[in-house]
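Asker: Take this structure first; my questions come after.
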Amino acid sequence: TALRIDQQDLAVAGQYAFQSGTFEEDVTDGGGAKTEYGRFTLVAEQGKDHAWRIRHFTGFTDSIRP
């Protein structure tokens with residue numbers, strides 16, 4: 001697959017970061033190639049080691065695109 005992310009919003013509040021946007025993914029389904037379009041939201045938390053970890057992710061295909 002090939003995945004393209006378009007970040008549309010990013011906010012950081014304390015130890016949490018919130019991100020949302022759209023994506024396009026090229027996939028092979030049943031022997032044919034197609035592109036799926038969708039939207040996502042992500043919540044990350046910064047740990048005591050200062051590394052960011054995904055706490056929650058929601059992604060879904062977009063039914064209004066071809």
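The values are calculated or read from the model by the stated rules, or taken from the named source; none is laboratory data. The shown structure was predicted, so the numbers you read here are calculated from the model rather than taken from an experiment. Note that we place each Cβ from the backbone using ideal geometry, even for glycine, and neighbour counts take in every protein chain shown. These accessible areas exclude ligands, DNA and RNA; they are computed on the full protein's heavy atoms, side chains included. Shrake-Rupley method; radii C 1.70, N 1.55, O 1.52, S 1.80 Å.
Asker: To one decimal place, what orientation-averaged projected area in nm² is obtained for the convex hull of the Cα set of the chain? Mind showing how you got there, number by number?
Answerer: On the way: hull surface 22.1 nm².
Spelled out: convex hull of the Cα atoms, projected over all directions, averaged, 5.5 nm².
Asker: List the trypsin sites (Lys or Arg not before Pro) in the chain that DSSP assigns to loop (not H, G, I, E or B) and whose Cβ has at most 10 other Cβ atoms within 10 Å. Which are they?
Answerer: Filter output for the chain: K48.
Asker: Ignoring ligands, DNA and RNA, please state the percent of accessible area on the chain from carbon and sulfur, probe 1.4 Å.
Answerer: Numbers: 2530 of 4980 Å².
That share works out to 51 percent.
Asker: Now, a different point. In what sequence, largest accessible area first, do T22, T61 appear using a 1.4 Å probe? Before the final figure, lay out the partial values.
Answerer: On the way: T22 45, T61 85 Å².
My answer, sorted largest first, is T61, T22.
Asker: Give me the 1.4 Å probe accessible area per residue for the chain, excluding ligands and nucleic acids, in Å².
Answerer: About 75 Å² of surface per residue is accessible.
Asker: Also, quick follow-up: Across segment 26-41, in residue order, what do the Karplus-derived ³J(HN,Hα) couplings come to in whole Hz, using 6.51 cos²θ - 1.76 cosθ + 1.60 with θ = phi - 60° and x for Gly and Pro?
Answerer: 8, 9, 10, 10, x, x, x, 8, 8, 10, 9, 10, x, 10, 8, 9
Asker: How high is the relative contact order of the chain, in percent, with contacts defined as C-alpha pairs under 8 Å that are six or more residues apart?
Answerer: Working: 130 pairs, mean separation 16.7, N = 66.
The value is 25 percent.
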